[in-house]
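In what follows, a structure is listed as structure tokens, so that the remarks can point back to it.
Read-outs: derived from the displayed coordinates by stated rules, not from any lab. Worth saying up front: this structure is predicted, and the values here are computed from it rather than measured. Note: ideal-geometry Cβ built from the backbone for every residue, glycine included; neighbour counts use all protein chains shown.
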Protein chains: 2
Amino acid sequence: MTIGDEILFGQITDTNTQWIGSELTSIGIRPIRKLSVGDNPQDILDALGEFFKRADLLIITGGLGPTKDDLTKHTLCKYFDTELAINEDALELITSFFEKRGRVMTELNRQQAAVPLNCTYLRNDWGTAPGMWFERDGKIVVSLPGVPHEMKNLMTYRVIPLLNGFFDTPAIQHKIIRTIGIGESFLAELIENWEDNLPAHIKLAYLPHFGQVKLRLTATGESFEVLSNDISEQVAAVMPLISKYIFGYDGDELESVVGKILIDQNATLSTAESCTGGFVAHKITSIPGSSAYFLGSVVAYDNEVKKNTLGVSDEVLQEFGAVSEQAVVAMAEGVRKRMNSTYSIATSGVAGPGGGTPEKPVGTVWIACATPGETHSRLLKLTNHRPVNVELTSTYVLDLLRKSILQTIEI
Amino acid sequence: MTIGDEILFGQITDTNTQWIGSELTSIGIRPIRKLSVGDNPQDILDALGEFFKRADLLIITGGLGPTKDDLTKHTLCKYFDTELAINEDALELITSFFEKRGRVMTELNRQQAAVPLNCTYLRNDWGTAPGMWFERDGKIVVSLPGVPHEMKNLMTYRVIPLLNGFFDTPAIQHKIIRTIGIGESFLAELIENWEDNLPAHIKLAYLPHFGQVKLRLTATGESFEVLSNDISEQVAAVMPLISKYIFGYDGDELESVVGKILIDQNATLSTAESCTGGFVAHKITSIPGSSAYFLGSVVAYDNEVKKNTLGVSDEVLQEFGAVSEQAVVAMAEGVRKRMNSTYSIATSGVAGPGGGTPEKPVGTVWIACATPGETHSRLLKLTNHRPVNVELTSTYVLDLLRKSILQTIEI
């Protein structure tokens with residue numbers, strides 16, 4: 001459960017519940033519900049009552065900040081019939097937190113050290129709001145601050161060890177097969193027979209996302225080893241049907257898969273971006289250690305930059321335009337030469353919402369990959385939505401790179 | 001309500017409910033609860049029952065895809081005691097959708113044209129799954145596909161016009177004051193008296209996010225004009241207390257605020273990025289029309305690129321290192337010269353998790369802004385978290401640019 005009007009009103013993005021869902025699943029606790037309520041004590045109390053009828057564990061995030069719109073702690077006191085008292089350890093931590101940063105501590109900050117008397121105090125070494133663990137009738141309620149890195153550290157170092165001791169959980173195993181270049185319903189047709197014959201304890205889900213479809217297998221049972229085995233068997237059975245679309249498994253992203261291949265080959269990469277505006281470089285550098293193979297990028301939004309820094313000729317820009325096969329090939333080859341990399345990729349297109357013409361409507365995008373041998377290019381016909389076009393172009397150009405390196409490209 | 005195990009298990013990011021919350025709020029409908037349940041008919045039925053006790057409108061997204069894990073439509077039939085029948089208009093749309101793309105239509109795709117007999121069919125011109133509108137006891141249940149752009153178009157062109165006719169909604173007005181460079185609790189101390197004297201029909205919330213704090217005022221009443229006036233009065237009252245921290249209002253982002261200033265000045269911008277790896281350029285180019293002022297970026301991950309493309313000298317890199325004031329200033333001035341832009345910004349730091357030293361631990365970042373006059377630089381001491389450091393650096397360097405242009409920088 002998350003608490004805060006700002007989530008209901010759509011004013012902030014909640015990333016906490018996704019992370020918590022994934023962590024709980026990985027230790028064999030099955031999330032059955034996710035709830036957001038506003039900054040309203042009665043809604044919080046109602047939600048606590050519903051939880052006690054339905055589940056064994058409730059994790060609450062949010063509403064523990066120092067400012068006056070934060071009600072969680074007072075409401076928990078009411079529900080668990082107790083009152084707040086300053087916790088000395090928490091007070092010490094908060095005091096030193098402010099001392100280290102050379103900042104003055106306010107009375108509001110001091111009150112963050114107060115916790116309900118009948119909870120187990122969870123020390124927060126990463127911020128100023130302590131976590132709280134309540135037990136009642138064999139069920140657990142945990143309250144954590146909403147700041148993502150504080151919540152994650154408290155979960156990892158305080159809550160999960162306690163949960164592992166408290167619950168006797170069933171075994172759950174997941175396996176995700178990651179595909180690119182085929183739509184959900186076509187994939188479904190290809191594997192229909194296999195899907196119909198899955199054993200009852202294994203569930204399949206299709207998760208489409210920006211040109212990719214993840215196939216998620218979930219097995220529930222008594223033993224991790226048995227489940228692991230059952231899932232491996234099913235993966236082996238489905239593989240031959242769809243192998244050309246598979247680029248990875250589980251947490252693999254295109255950018256991490258490509259990074260591993262580059263490291264294996266001791267090869268380097270550079271990028272030249274127009275319509276993606278730096279997003280391809282951002283995806284590549286979001287992988288820790290990417291400096292081992294990524295040299296850099298030229299984001300060439302302006303045609304002068306395409307000419308001066310990437311060496312695209314005036315003739316190409318005049319005759320074919322910046323959104324053309326000729327231009328994107330020259331961009332890829334230009335940045336490869338400039339940065340002296342083994343491989344390079346380039347993007348040029350009409351991201352939208354403006355800039356479209358009858359010949360090159362919004363969503364027209366050229367991508368290219370230059371290698372020590374030849375340069376491959378592709379025309380993409382995407383959507384009317386700028387952020388979607390940026391995401392899809394980045395995905396497809398990374399896949400073009402992957403196939404070019406592995407020489408599995410279909411000409 | 002969103003439906004899908006993948007959301008509970010944390011395998012996809014739900015962005016739909018944030019958008020829906022924001023849209024509903026803007027038309028005067030107050031979201032009171034957000035719920036996610038799994039692919040389980042009983043959980044969906046339970047949630048429908050709870051909704052009917054609590055609210056007047058339920059919007060459901062997800063579970064309408066062509067594959068077998070999608071249960072929403074069948075469960076809605078059960079709840080509303082009806083059955084599915086092919087809708088001819090929907091079938092025609094789906095058929096032409098596949099024809100236009102030159103793809104073969106499958107029986108699974110055909111079944112997407114089936115809708116419950118007693119719902120109002122909502123034509124989906126943007127995909128293959130129709131929307132559905134159910135009425136019972138003066139309450140509304142709407143079911144939409146989970147694909148974000150389909151859901152958004154259906155909401156905008158089908159659902160919201162129907163909602164405006166159906167409900168007699170109270171007036172709600174929001175105003176967001178966006179600040180940077182001050183923590184939540186310090187802001188709270190500065191405006192304590194003002195906050196304590198807010199009238200009862202205006203609520204205040206603090207929304208911290210990556211170095212920024214949004215102050216959200218929400219007024220509820222009978223007339224938009226009165227509320228608008230009440231909020232303007234409060235904004236005018238708080239302004240003098242915190243004006244130096246305010247960079248915008250409502251939907252303003254740093255990158256859009258900076259873009260407007262650059263357009264006003266008929267000025268141009270370039271960027272040179274090391275530790276942010278293209279994210280600053282991505283933020284800038286996420287604004288439609290940014291090609292009017294953004295020329296391009298050099299992402300210089302490798303020191304050779306810093307030297308050859310940005311003109312950072314060997315001496316600076318040898319003596320002070322790539323993460324230094326000297327290097328980041330040379331990067332900013334180098335890219336400004338290369339791209340011939342009015343302004344430029346640069347970043348160089350240790351993003352982590354690796355690469356830290358005792359003198360320059362993870363989170364040490366230098367930023368700079370070069371102008372036609374002088375070049376300003378700042379040292380940031382950030383966190384141990386790579387993505388957080390990338391976000392915070394991008395935010396602070398855009399703010400350094402804003403202050404440099406507006407000449408409100410404190411030396």
> How far apart are the A:LYS244 label points across copies, placing each 7 Å from Cα toward Cβ, in nm, shortest first?
Replying inline: 6.5
> Lys/Arg Cβ at +1, Asp/Glu Cβ at -1, dipole of region B:213-348 taken about the Cα centre: which of B:ILE246, B:VAL258, B:VAL329 is farthest positive-ward?
Replying inline: B:VAL329
> How far is helix B:16-26 tilted, in degrees, relative to the longest principal axis of the Cα atoms in chain B, given as a value from 0 to 90 rounded to the nearest 10?
Replying inline: 90
> Can you give the three extents of the C-alpha atoms in region A:2-166 along their principal axes, from longest to shortest, in whole Å?
Replying inline: 44, 33, 32
> Between A:PHE167 and the same site in the other copies, what are the distances in nm, shortest first, taking label points 7 Å from Cα along the C-beta direction?
Replying inline: 3.4
>> How far, in whole Å, is the closest Cβ of chain A from the axis that maps A onto B, and which residue does it belong to?
In response: A:GLY278, 2
> Which loop GluC sites (Glu not before Pro) in region B:288-391, with loop taken from DSSP, have no more than 15 other Cβ atoms within 10 angstrom of their Cβ?
Replying inline: B:GLU359, B:GLU374
> Within straight cross-link reach of B:LYS152, meaning Cα distance under 15 Å, which aspartates and glutamates are found once same-chain residues fewer than 8 apart are removed?
Replying inline: B:ASP14, B:GLU23, B:ASP125
> Using the Kirkwood radius built from alpha carbon pairs, what does the Stokes-Einstein equation give as D for the protein assembly as shown at 20 °C and 1.002 mPa s, in µm² per second?
Replying inline: 75
> How far apart, in nm, are the 7 Å Cα→Cβ label points at A:THR383 and A:GLU192?
Replying inline: 2.8
> More than 21 Å apart: what percent of Cα pairs in region A:254-406 qualify?
Replying inline: 37
>> Filter A:LYS260/A:LYS337; A:LYS337/B:LYS307; A:LYS244/A:LYS403; A:LYS360/A:LYS381 down to the pairs with a C-alpha to C-alpha distance above 19 Å, please.
In response: A:LYS260/A:LYS337
> Which links in A:LYS53/B:LYS53; A:LYS203/B:LYS78; B:LYS53/B:LYS78 stretch past 21 Å when you go from one Cα to the other?
Replying inline: A:LYS203/B:LYS78
>> Based on the alpha-carbon set only, what is the convex hull volume of region B:199-302 divided per residue, in Å³?
In response: 139
>> Compute the helix-to-body angle for B:254-265: its Cα long axis versus the longest principal axis of chain B, expressed 0 to 90° and rounded to tens.
In response: 60
> Which three lengths, in whole Å and largest first, does region B:171-249 cover when its Cα atoms are put on their principal axes?
Replying inline: 36, 23, 17
> On the first, second and third principal axes, largest extent first, how far apart are the outermost C-alpha atoms of chain B in Å?
Replying inline: 77, 59, 42
>> No solvent, one uniform scatterer per C-alpha: report log10 I(q)/I(0) for region A:107-231 via the Debye equation at q = 0.12, 0.16, 0.19 1/Å, two decimals.
In response: -0.72, -0.89, -1.00
>> Taking a point 7 Å out from Cα toward Cβ as the label site, list the nm distances between B:ALA267 and the same residue in every other copy, smallest first.
In response: 4.3
> In region B:263-282, which residues have a backbone nitrogen under 16 Å from the label point lying 7 Å from B:LEU406's Cα in the Cα-to-Cβ direction?
Replying inline: B:263-265
>> Angle check, please: helix B:41-54 long axis (alpha carbons) against the longest principal axis of chain B (alpha carbons), in degrees 0 to 90, nearest 10.
In response: 90
> Roughly how crowded by other chains is peptide A:386-393, in terms of the mean Cβ count from those chains within 10 Å of each of its Cβ atoms?
Replying inline: 2
>> List the residues, sorted by chain then number, that are 5 or more residues from A:ALA272 or on another chain and whose placed amide H is less than 5 Å from its amide H.
In response: A:VAL298, A:ILE345, A:ALA346, A:THR347
>> Among DSSP bridges having both ends in chain B, what percentage is antiparallel? Round to the nearest 5.
In response: 70
>> Above 20 Å lies some portion of the pair distances; for region A:153-210, what is it as a whole percent of all C-alpha pairs?
In response: 51
